[in-house]
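Just below is one structure, and these are the notes that go with it.
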Amino acid sequence: MTGSAPDQTQPDHQAMPELEIAVSREAGDWPDHAETLVERVARATLAATYPPDDGPAELSLVLADNALVQQLNRDYRGKDKPTNVLSFALTEAEEPDPEEGAPVLLGDVILAYETVQREAAEQNKSPDDHLSHLVMHGVLHLLGYDHETDDEAEEMEALETRLLASLGIADPYADNHEPPDQ
């Protein structure tokens, strides 16, 4: 083995904290590549927005169907209807601070298969691009981004547009200026 210096063109992998992303398929007729796609988009979103100083983090992505999302939407938000994506942030809960080095539990992002497919068709978007946008949107909610006010919506949409462009996905708001349901 030779004693050469490390390649300085490689990114510093120590700067990015460990990110544990659990993906589960609970319901819906999701394509075989859905788990890989949603994890890749969640990692890209966190790489661009999660502060490295916050340490390791965990989140879950749940591939579900309209029935499960409607039940969660009814039980936790008082809205008895399905929606495209739900985000349940755990960082807002009044929990004790995690032990030193323990991961920050960001929360859960749950996606409804039928709604995602229907919206993609209605908006003339590829289902994968629409799913990518909704995963990113949900992860940003876990990190505290919101669209309750015009200023918040503008900030969140601009960030989504920029991050999606870095993944080769067109501006999701170009023809439809409504943020995803939440």
Legend entry - the stretch 29-64-the stretch 141-166 distance, computed between alpha-carbon centres (Å): 17
Inset, instruction - Give the long-range amide H neighbours of Lys79: residues separated by 5 or more places, or on another chain, with amide H under 5 Å away, using H modelled in the peptide plane at 1.01 Å from N. - result: Arg74
Inset, instruction - State, to one decimal in nm, how far the label point of Ser126 lies from the label point of Asp32, with both points 7 Å from Cα in the Cβ direction. - result: 1.8
Inset, instruction - Return the sequence-ordered ³J(HN,Hα) values of the stretch 67-84 in whole Hz as given by the Karplus equation 6.51 cos²θ - 1.76 cosθ + 1.60 applied to θ = phi - 60°, using x for Gly and Pro. - result: 4, 5, 5, 4, 4, 5, 4, 5, 5, 10, 10, x, 10, 8, 7, x, 9, 6
Inset, instruction - Note the full-extension length gain between Ala165 and Ala48 as 0.36 nm times their separation in residues minus their Cα-Cα distance, in nm to one decimal. - result: 40.9 nm
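Since every read-out is calculated from the coordinates, none of them should be taken as a lab result. What you see is a predicted model, and the numbers here were worked out from it, not measured in a lab. Cβ atoms come from the backbone with ideal geometry, glycine included; neighbour counts cover every protein chain shown.
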